[in-house]
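Enquirer: This is the structure I want to talk about, given as structure tokens.
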Amino acid sequence: MKTDIKTRGIGSRRCRSLARIGLTCSLMLCLIAGAGGCRQDKAAKAAEPPPSRLVFPDHGIYTGAYIDFGDNEDAVTLDAIEDFEKLVGRHQAIVASSSFWGEQNFPRKSMEIISRHGSVPLLYWSPWDRPYVQGRGPDRFSLKAILAGRWDAYIDQWADQARQYGKPILVAWGLEMNGTWFPWSGHFYGGGRRLDHEAPKLYEGPELYKKAFRYVVQRVRARGADRLLFGYHANNMSIPYERWNRIWAYYPGSDVVDWLGLSVYGKQFNDGERWGTFHGVMDAAYRDLCRLDPDKPVILAEWGVGEFPKAGNKPQWLRDAFTAFADQYPRIKGAVYWHERWQNEDDTYSNLRVNSSPESLQVFREGLAHPYWVTQPLYR
């Protein structure tokens, strides 16, 4: 797979370079051209100005997807992206993947694959250690360790490589903090204990998260990585659903947030969970998120629903979503569908893929064909 991607990318660039100097574009001539042709092509590539600032569309919504990039959500391949686009019939303006802190690197290769394809990366940058098991609580990348400066060298190295990459990236740091499954959740850091009885809206868990968010973003920006756009990415449902754990409680401030993000899922597991309509899981969370800042663009940084015919109608759920996107959520500027199928511990499957059934795929393709979708990133 890696070899195929590399060969395809280099071959197409060589052909364009040779065509400009009047030679026949063929694989044999590309090979014969040898090192000199490669040097010319690299020089031409280096001379091209990289994309500048990503902007959100005044009208319409960016297409986007996470495309089942493996257990660590980082095995990005061009084949996977192209296959998904053929499946749904539209180019994806945003392609999402993860950068877990346990890997201790900046995923330059993945970012290059996505940007060369003509998409902008959305990177879930998660302070999470191997083996990446949910519900275990804080690990070595705890919020307290981050604030104590123990991971400054890693943050700086990651930021430096992002700056050297030089192209826009949407970054969601510490996502879905208002749940109980990730180790940076406020649930694990004092939860709803008040910091000051005279200020009842300040709670230990959310306040520590806000400090860590600000610390990381400000440190990255101080390294000159100014083409990163940081998002505040919450879950649609706060669990536990208590005042201290609401979406607004974790907001770190508009000076360190470039966009507002939301995970919105319908039924994901074949259990006793009831089937929820799209509006039922979307509307209240969208209103709460928009109240945080009147001007920030909103991205559905994750959205999807499983195929459970005995519980509910996935094609109708998708149809309702696409109908609503057209005119009911004017702040939404991007929507990233979570295209994945996985096996659960009880041997059941959760199939959120757009082609989980022929009917679901047909509805998805029809919905994505609407002209309000913007399929290419916009820059200025």
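The values are calculated or read from the model by the stated rules, or taken from the named source; none is laboratory data. This is a predicted model, so every value here is computed, not measured. Note that we place each Cβ from the backbone using ideal geometry, even for glycine, and neighbour counts take in every protein chain shown.
Enquirer: Looking at (1) outside any helix (DSSP H, G or I); (2) small (Gly, Ala, Ser); (3) out of contact with any Leu (no Cβ under 8 Å at 6 or more places or on another chain); (4) modelled with pLDDT of 95 or more, can you tell me which one residue 272 breaks?
Expert: Result: residue 272 passes all but (4).
Enquirer: Looking at (1) of a type in the set (Asp, Glu); (2) at pLDDT 95 or above; (3) surrounded by fewer than 15 Cβ atoms within 10 Å (Cβ to Cβ), which is the only condition residue 139 fails?
Expert: Of the numbered conditions (1) of a type in the set (Asp, Glu); (2) at pLDDT 95 or above; (3) surrounded by fewer than 15 Cβ atoms within 10 Å (Cβ to Cβ), the odd one out for residue 139 is (3).
Here's the yes/no breakdown for (1) free of Cβ contacts under 8 Å to residues at least 60 places away in the same chain; (2) under 27 Å from residue 377 (Cα atoms); (3) assigned by TED's automatic domain parsing to the domain that holds residue 124:
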residue: 250; (1), (2), (3): no, no, yes
residue: 261; (1), (2), (3): no, yes, yes
residue: 313; (1), (2), (3): yes, no, yes
residue: 338; (1), (2), (3): no, yes, yes
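Enquirer: Quick check on residue 161: is it modelled with pLDDT of 95 or more and assigned to a loop (DSSP other than H, G, I, E, B)? Steps first, answer last, please.
Expert: Values: modelled with pLDDT of 95 or more: yes; assigned to a loop (DSSP other than H, G, I, E, B): no.
No.
Enquirer: Sticking with this structure for a sec: Within the stretch 323-349, track down each residue that is more than 14 Å from the chain's Cα centre (by Cα) and part of a strand (DSSP E or B).
Expert: 332, 341, 342, 343, 349
Enquirer: Report, ordered by the first and then the second residue, all pairs with beta carbons closer than 7 Å, sequence separation of six or more or different chains, a first member in the stretch 344-360 that is surrounded by 17 or more Cβ atoms within 10 Å (Cβ to Cβ), and a second member that is among the β-branched types (Val, Ile, Thr).
Expert: Close Cβ pairs (under 7 Å, with a partner that is among the β-branched types (Val, Ile, Thr)) amount to 352/305; 354/88; 360/354.
Enquirer: Then there is this: Taking interchain pairs and intrachain pairs at least six residues apart, which have beta carbon atoms under 8 angstrom, with the first residue in the stretch 54-81 and over 12 Å from residue 374 (Cα atoms) and the second in a loop (DSSP other than H, G, I, E, B) and of a type in the set (Gly, Ala, Ser)?
Expert: Within 8 Å, the pairs are 69/75; 81/119.
Enquirer: Restricting to the stretch 277-289, name every residue that is surrounded by fewer than 18 Cβ atoms within 10 Å (Cβ to Cβ) and either outside the structural domain of residue 330 (by TED's automatic domain parsing) or not charged (D, E, K, R) (or both).
Expert: So in the stretch 277-289, the residues surrounded by fewer than 18 Cβ atoms within 10 Å (Cβ to Cβ) come out as 277, 279-280, 283-284, 287-288.
Scanning the stretch 277-289 gives 277, 279, 280, 284.
Enquirer: Is the stretch 142-158 home to any residue that is farther than 19 Å from residue 214 by Cα, in the same structural domain as residue 264 (by TED's automatic domain parsing) and exposed (fewer than 15 other Cβ atoms within 10 Å of the Cβ)? Step through it out loud before you land on a result.
Expert: Step one: filter the stretch 142-158 for residues farther than 19 Å from residue 214 by Cα, giving none.
Looking for residues that are farther than 19 Å from residue 214 by Cα, in the same structural domain as residue 264 (by TED's automatic domain parsing) and exposed (fewer than 15 other Cβ atoms within 10 Å of the Cβ), one finds none in the stretch 142-158, hence no.
Enquirer: Can you name the residue in the stretch 60-109 that is among the β-branched types (Val, Ile, Thr) and assigned to a helix (DSSP H, G or I) and, of all such residues, is surrounded by the fewest Cβ atoms within 10 Å (Cβ to Cβ)? It would help to see each step written out before you state the result.
Expert: If we filter the stretch 60-109 for residues that are among the β-branched types (Val, Ile, Thr), which is where we start, we get 61, 63, 67, 76-77, 81, 88, 94-95.
Applying the additional criterion that residues be assigned to a helix (DSSP H, G or I) yields 81, 88.
On the way: 81: 22, 88: 20.
Checked the stretch 60-109; the qualifying residue surrounded by the fewest Cβ atoms within 10 Å (Cβ to Cβ) is 88.
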